[in-house]
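Worksheet: the structure to be examined is printed underneath.
The values are calculated or read from the model by the stated rules, or taken from the named source; none is laboratory data. Quick caveat: nothing in here was measured; it's all calculated off a predicted structure. Heads up, the Cβs are rebuilt from the backbone with ideal geometry, glycines too, and the neighbour counts pull from every protein chain shown.
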Amino acid sequence: MSPGSSIPPNLGAPRSQATERLVEALRARMARWEGSRRPPGDTPVSTGSQAIDALLPGRGFRRGTLVEWLTAGEGGGAESLALVAAREACREGGALVILDRHREFYPPEAIRQGIEPEGLIVVQAASQADNLWALDQALRCPAVAAALAWPEKLDPKTFRRMQLAVEQGGGLGLLVRPEQVRHEPSWADVRLWVRPLPSAEPGTGRRLSVELLRSRQGGGGGSVEVEFEDESHAVHLAPPRARPADPRRAAGA
């Protein structure tokens, strides 16, 4: 299997056979990462942006936790920021597992962002149940530095199971979810709400509002505006918006 390739279950096989094939494929890809050096669990993972890090009580994400990125939909910016955080989690070893249930993930984009292709595993599960099972297994695996998924619905029991799984594995669980769930209970350590904003000037990066809705480490909320550069994949603090001119002053009043 080539680096960065997908792992689709055999859709024509019975459910049990498809699951077994997925298990073996995942085990084979992850086995080589079991000995990867990983930083201590109390070493925070940067979001990839100093501005967003400053929102968090720990100046980054705690390893062994879930992070929710809430978004208005495709192109909202949450997926881009989550992938940057995944890159940071993998810097010192470990694989990145992408749970590509809807077959919309584009591996070359992740590689352009700095994800090592040999450490990229894309899982295309045959059903929602298999997708959640694969996410659970990825989160439990100590060889996985980060797992990125798009679960639209998570019942409390499943959500709690995911939290226990990532605690066991010691990596990061990055969940991109619709903003409509922001009023639902969450087992995530951090919940961030990402919204696109009009750019200050033509030709600048995508301007995004990132709001901290909750953190289990305490601390207040807060928000920050950042710019995401599509070419360099850098995330930096957005410059202040220019204030509109006072029409009275312009008229010489």
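So here's what we get for this one:
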quantity	calculated
Filter pass, residue 51 being over 17 Å from residue 170 (Cα atoms), part of a helix (DSSP H, G or I), modelled with pLDDT of 90 or more and in contact with a Phe, Trp or Tyr (Cβ under 6 Å, 6 or more places away or on another chain)	no
Matching residues in segment 95-132 - criterion: being more than 10 Å from residue 149 (Cα to Cα), in contact with a helix residue (DSSP H, G or I) (Cβ under 7 Å, 6 or more places away or on another chain) and not aliphatic (A, V, I, L, M)	113, 114, 117, 130
In segment 194-217, residue modelled with the lowest pLDDT [restricted to those that are within 18 Å of residue 46 (Cα to Cα) and in a loop (DSSP other than H, G, I, E, B)]	217
Set 174, 132: member being closer than 20 Å to residue 101 by Cα, among the aliphatic types (A, V, I, L, M) and either out of contact with any strand residue (DSSP E or B) (no Cβ under 8 Å at 6 or more places or on another chain) or surrounded by fewer than 20 Cβ atoms within 10 Å (Cβ to Cβ) (or both)	132
In segment 152-171, the residues that are surrounded by 19 or more Cβ atoms within 10 Å (Cβ to Cβ), free of Cβ contacts under 8 Å to residues at least 40 places away in the same chain and not in a helix (DSSP H, G or I)	154
Cross-chain or 6+ apart pairs with Cβ under 6 Å, segment 97-118 first and under 11 Å from residue 87 (Cβ atoms), then basic (Lys, Arg)	113/87; 114/87; 115/87
Selection from segment 68-98 of residues that are more than 24 Å from residue 205 (Cα to Cα) and crowded, with 22+ Cβ neighbours inside 10 Å	90, 94, 95, 96, 97, 98
Residue among 138, 147 that alone is touching a residue at least 40 places away in the same chain (Cβ under 8 Å), assigned to a helix (DSSP H, G or I) and on the phi < 0 side of the Ramachandran plot	138
